[in-house]
1. Within the range 169-184, which residues are small (Gly, Ala, Ser) and either surrounded by 20 or more Cβ atoms within 10 Å (Cβ to Cβ) or not assigned by TED's automatic domain parsing to the domain that holds Pro68 (or both)?
2. With the requirement that a residue be surrounded by fewer than 16 Cβ atoms within 10 Å (Cβ to Cβ), closer than 30 Å to Phe105 by Cα, in contact with a strand residue (DSSP E or B) (Cβ under 7 Å, 6 or more places away or on another chain) and not β-branched (Val, Ile, Thr), what does the range 30-77 give you?
3. Looking at the structure I just gave you, is Ala147 within 20 Å of Thr87 (Cα to Cα), outside any loop (DSSP other than H, G, I, E, B) and among the small types (Gly, Ala, Ser)?
4. Go through the range 255-274 and give me each residue that's more than 33 Å from the chain's Cα centre (by Cα) and closer than 23 Å to Gly310 by Cβ.
5. Could you please find all residues in the range 270-299 being surrounded by 14 or more Cβ atoms within 10 Å (Cβ to Cβ), without any contact (Cβ under 8 Å) to a residue 24 or more places away in the chain and either in a helix (DSSP H, G or I) or of a type in the set (S, T, N, Q) (or both)?
6. So, in the range 176-211, how many residues would count as being within 30 Å of Glu161 (Cα to Cα) and either among the acidic types (Asp, Glu) or in contact (Cβ under 8 Å) with a residue 12 or more places away in the chain (or both)?
7. List the residue pairs whose Cβ atoms are under 7 Å apart, where the first residue sits in the range 1-27 and is in contact (Cβ under 8 Å) with a residue 24 or more places away in the chain, the second is aromatic (Phe, Trp, Tyr) and surrounded by fewer than 18 Cβ atoms within 10 Å (Cβ to Cβ), and the two are 6 or more positions apart or on different chains.
8. Quick one: would you say Val197 is assigned by TED's automatic domain parsing to the domain that holds Gly314, at pLDDT 90 or above and either over 30 Å from Gly17 (Cα atoms) or not small (Gly, Ala, Ser) (or both)?
Amino acid sequence: MRVAVVSAVYNEKQFVGRMIESVLSQSRLPDEVVLVDDGSTDATPSIVQSYTERFPIVRLIQNSNQGPAASRNVAWRAAKADVVIFTDGDCVPERDWIEKLVNRFGPPEVAAVAGTYRTLNTQNKLARFVGHEIAWRYRDVPAQVDAHGAYNLAIRKDVLEELGGFDESYKAPSGEDWDLTYRISRKYKILFAPDAVVAHAHPESFWSYMKNQVRRGFDRIKLYNDHPEKMKGDAYTGRLAKYQVLAAACFPLTLWMFFCKGWCFVPAALFLFLVGSGWSVFRFIYQRDPSAARYGVGVQFARNFAWALGAVKGVLRFGIRRLW
């Protein structure tokens, strides 16, 4: 079985060298490494080029700034492999990562294998919170999943060819990998491999993180228009999230009720729901990192409004086929 590791990279000068080094140090080496630069404006292309000059299995392909979906499609189509493993330029795989992913292939109905994260930049409180929350979300993920991110995802190339790869109408890094794995899971199995781990540099800036969450809310509406059956949730996204978004969208519209006798309970109830709905996450993280858990209370509360804002923009842009 020939294996290619591929990545679409954009302005990743801080970590892309570490990512390539970790891939070249695997217990099971890849047969090729294909990196597509998506129009970086920093030193990313020159860093990657320095590896292509020293390691024949590493290739660099230049692309204009078309977004991760388009550049990932360029990468996997250029690969001459049976299995294509996707990761990101800010990820550093553990030494047995490829081995853990590839060993789960075998039956023809297994089209993909998905791994998980650990936090690379543990010095940052927001990054630690994001990492712990991801661990909370993955705590009950079943052995077979229907959704996963392309930061740690191995897919048979013939399945990518059959389905056409990533949908390039998803321009930002948000819903394109969910869309692809939804489509794969309709016909094939996607196995979850919790021991196939990449370290990831999670967001460090609060406002950049919130901006990204607005985009996620926006793309989620497009995703649900494309896959309305997933409104009820998937292996990663619980049912509670849509109620948090709805409550956050309604809360500003009810603030005037604070000043109306007999109606102040409405905004108060929404507020308590938005805060209280994060209790399970808080308790999980507090047992491991009290500082990150306390910081995360405000992050979760603010993120509900970011999701809601993005969702409103998405509804205005795409409409919605079905709300519940």
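The values are calculated or read from the model by the stated rules, or taken from the named source; none is laboratory data. This is a predicted model, so every value here is computed, not measured. Note: ideal-geometry Cβ built from the backbone for every residue, glycine included; neighbour counts use all protein chains shown.
1. Taking the range 169-184 as the starting set, the residues that turn out to be small (Gly, Ala, Ser) are 169, 172, 174-175.
Residues satisfying the conditions are Ser174, Gly175.
2. The answer is Asp31, and nothing else.
3. no
4. Across the range 255-274, the qualifying residue is only Leu255.
5. Matches in the range 270-299: Leu270, Phe271, Phe282, Tyr286, Arg294, Val297.
6. 24
7. The qualifying pairs are Leu24/Phe55.
8. Working: assigned by TED's automatic domain parsing to the domain that holds Gly314: no; at pLDDT 90 or above: yes; either over 30 Å from Gly17 (Cα atoms) or not small (Gly, Ala, Ser) (or both): yes.
It is false that Val197 is assigned by TED's automatic domain parsing to the domain that holds Gly314, at pLDDT 90 or above and either over 30 Å from Gly17 (Cα atoms) or not small (Gly, Ala, Ser) (or both).
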